[in-house]
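Since the structure comes first, as structure tokens, the remarks are kept for the end.
Laboratory data are not the source of any read-out in this text; all were calculated from the coordinates shown. Fair warning: this is a prediction, and the values are worked out from it, not measured in the lab. Note: ideal-geometry Cβ built from the backbone for every residue, glycine included; neighbour counts use all protein chains shown.
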Amino acid sequence: MRQIDALKSPRFTQISTFARLPICRDDEEVKAGFIGIPFDDATTYRPGARFGPMGIRQGSRLLRPYNQFLDTYPLDKLNACDMGDVNIIPGYIDDTMRIIESNIYDIITRRENFVPFIAGGDHSITLPVLRAMNKKYGKLNLVHLDSHYDFWDSYWGKKYTHGTWLRRALEEGLLKSVIQAGIRASTFSKEDLDDKKRLGIRSYTIRDMKYNVKEIISEINSLEGPTYISIDIDVVDPAFAPGTGTPEVGGLTSFEIIEFIRQLRFKRLVGFDVVEVSPPYDLSELTTMLAANIIYEGMSVLSLTL
């Protein structure tokens, strides 16, 4: 399933799909697909991530078929396509979570060995995706790249926000091993540091990613069983990814996040998301282009397993 040929059709033409791929058809065998979940009602600061999937599609127009750094044609090898968006309900978190879970479960059960590449939306969308994945695969390994812990118990007495999804996933027994990296934000209390130990999370700060990145990559690559990767775009420094809801200074460069992904070798990748891309705060499409390339590199890594 090929992209629209940019040597015949200029990149600023045609309907905007991820990487200019065709829309998925039920009668075709595909190994990976782009899915948008445009929901941002669980944000706690700046909104706008509901426009993330739309922006990432636009930012993906420059992606080309061959990845020279991994020596692969990922889109062709995966027969990748764009599956459109989940029809969420603005203003209704519980209902939307049920819809996301149902949609993702239906998608991954209808297609054999299919891996969704999901664009958020705020980070709360990862919880219902993990529920769907757990229904099919059982307990999952989670690789979580973020500047925030996302395991707080509640915000303003509410249990479901983009900063609480990881605690809910652990409470619900969806996860096995959890590795998070890139943490650098200030916290509400020193007790937050104790929480990650109580919750059994292996957590690495931005300093670890800067100075001990090989150790982190080795630990991730040793994971056995179904593995899901969730990337909050704010793991990247706002100098490189300004379009996000809760920016934190002192993060990864765009080069560092791309190189990090290129070195991953998942034994069994079952899902991948990039969340918290907020185009209204983006500058010259820097964030949406980076998010699109992160997804492309994730597809490239997956293609090496085929």
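When the chain is treated as a GNM with alpha-carbon contacts under 10 Å, the residue of Pro22, Pro38, Pro128 showing the greatest mean-square fluctuation is Pro22. Give me the base-10 log of I(q)/I(0) for the chain at each q in 0.10, 0.12 Å⁻¹, Debye formula, one uniform scatterer per Cα, rounded to two decimals. Ignoring solvent entirely, the Cα scatterers give -0.48, -0.71.
A straight line joining the Cα centroids of the stretch 248-306 and the stretch 14-49 runs 14 Å. What base-10 log of the normalised intensity I(q)/I(0) is obtained for the stretch 150-205 from the Debye formula, alpha carbons as equal point scatterers, at q = 0.12, 0.16, 0.26, 0.29 Å⁻¹? Treating every Cα as an identical point scatterer, log10 I(q)/I(0) equals -0.26, -0.47, -1.26, -1.44.
Where the convex hull is taken over the Cα atoms of the stretch 109-177, what is its projected area averaged over directions, in nm²?
Details: hull surface 20.6 nm².
The orientation-averaged projected area of the Cα hull of the stretch 109-177 comes to 5.2 nm².
Using a 7 Å offset from Cα along Cα-Cβ at Ile89, what residues in the stretch 99-125 end up with backbone N under 16 Å from the label point? Of the residues in the stretch 99-125, 99-103 have backbone N under 16 Å from the label point off Ile89. If you wrap the Cα atoms of the stretch 30-167 in a convex hull and average its projected area over all directions, you get 9.3 nm². Secondary-structure-derived ellipticity at 222 nm for the chain, considering helices only, amounts to -9500 deg cm²/dmol, per-run term -39500 (n - 2.57) for DSSP H runs with n ≥ 4. Using only alpha carbons, the stretch 235-306 has a radius of gyration to Kirkwood radius ratio (Rg to Rh) of 1.00.
Would you calculate the convex hull of the Cα atoms in the stretch 167-277 and tell me its volume per residue in Å³? Spell out each step's value before the answer.
On the way: hull volume 12.7 nm³, N = 111.
Hull volume normalised by residue count: 115 Å³.
Binning the C-alpha pair distances of the stretch 132-172 at 10 Å intervals from 0 yields a P(r) profile of 27, 49, 23, 1 %, listed from the shortest bin outward. Computed from Cα positions, the angle between helix 126-137 and the longest principal axis of the chain comes to roughly 80 degrees.
Based on alpha carbons, the Rg and Dmax found for the stretch 16-61 are 13.2, 42 Å. Each of Ile201, Val277, Ala42 was placed along the dipole of the chain (beta-carbon charges, centred on the mean Cα), and the one lying farthest toward the positive end is Ile201.
The distance linking the stretch 163-218 with the stretch 71-112 is 26 Å (Cα centroid to Cα centroid, whole angstrom). Structure remark: mean-square fluctuation, Gaussian network model of the chain, C-alpha springs under 10 Å; the largest value among Asp153, Asp85, Asp95 belongs to Asp95. Considering only Arg20, Arg198, Arg57, the Gaussian network model of the chain with Cα springs below 10 Å gives its largest mean-square fluctuation to Arg198.
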